[in-house]
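Report on one structure; see the data block that follows.
Bear in mind that the values in this text are calculations on the coordinates, not laboratory data. None of the values given here were measured: they were computed from a predicted structure. A quick note on method: Cβ atoms are made from the backbone with ideal geometry, for glycine too, and the neighbour counts reach across all protein chains shown.
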Amino acid sequence: MSDGDLLAVKNSSRVVVSSEPNNIAYNLSQLLDKTSAAYYWFPQGTDSHEYSVGEIVRLVAEVGLHDNDVIVFRSHSDSPRQFSRIEEVPSLLHDAEINHMVFHRNLLENLSREIHSASRQYDQYEWKARALLNADWIHVYPLARQPLLRIPSIGEESSDSRIRTQIETTIQEFTEALSSFSENVSRLHINKYIRGELIANYCEELMSGYIGPLYQEVVSRRNRKEQSIMLTLIYRWLNTLDKRTLNSVPSIPYYFVRNTIDRYLSLSWFTRRKHLRILTYILTNMHYNVFQEYRSRHNKLYPAAMRAAQWKSTLPIFLYLLRRKLKAKRGDESSTEVRRYSA
């Protein structure tokens, strides 16, 4: 590293910018041997210009990185946040997210020793993923650009075929993003349970922030063709998930069981039959302890949903909704009597 690579000096702690190392083990050791910086910044990609050198230095000085800390500049984040584990924010391991990081020197030294002792080559993705997995604290700052995935705005004309194409494209983007993430994480030499947790948590992020709201909007619009396309694509996607992930993503039963049943009258007879396939698949593949947990929270809804799956009939759901309506009506009547008596 030449002096030209040193971006700034503040209280003898220098921030260094480095090009992406090709030979990871060699370049990391050379970087650490030839520089004495406390923090290192690797701005790989087209968006590094969105943060000036001065801004990087100011943020590093504010955080005051400790030995195993990392600062990540993220493409979709509302405000600066701090996490103790990468499992809490797995989307940082996405290809487009992993390139804007400031490392404390000690973490890079530990990582360099780990890479040297390994009997294989680390690629450009894996060495940064290892740094995030080894970090004690991850400080996340937003980048000024659009997120990886955005909830599409459904148009007003429900008969417009463009909307149905938009739904198909959205589900495809979601599926590809999850598949790409799963492939990347599967390459990492980590505990299989941590790997599973990362994939499940990333799926939860996409479900709760992206597909779930879109699904809810399509159901509420009461357009049979749109609902049919959405339910068909969701059913196909669910069948691609391994059972552990299926049971580890809370948004899946929330949107496709509870939330849909709460909006059941928004479905046509035809789309209810399609939803019944989804309901049956989720519940028959749900682990016993997971089902019992949901049943304890919703002790009328989940037994009714399970009966619907077992009977392959929507009748138990309608009976549940009817009882709920009658109970609510009795509650309203009781409240009215109390108000009259009080008056």
Interatomic Cα distance distribution for segment 161-331, bins of 5 angstrom, percent: 1, 8, 17, 20, 20, 15, 10, 6, 3, 1, 0, 0
Residues of type lysines that Lys128 reaches as a straight line, Cα spacing below 24 Å, ignoring anything fewer than 8 places off in the same chain: Lys34, Lys192
Overall Cα dimensions of segment 3-142, principal axis frame, Å, largest first: 40, 35, 28
Segment 3-142, dipole about Cα centre (Lys/Arg Cβ +1, Asp/Glu Cβ -1), debye to the nearest 20: 280 debye
Sparse-neighbourhood loop sites, trypsin sites (Lys or Arg not before Pro) in segment 170-200 - DSSP loop, at most 15 other Cβ within 10 angstrom: Arg187
Charged-residue dipole, Cβ positions (Lys, Arg, Asp, Glu), segment 161-331 about Cα centre, Debye nearest 20: 1280 debye
Order of Thr240, Thr280, Thr170 - criterion: other Cβ atoms within 10 Å of each residue's Cβ, fewest first: Thr240, Thr280, Thr170
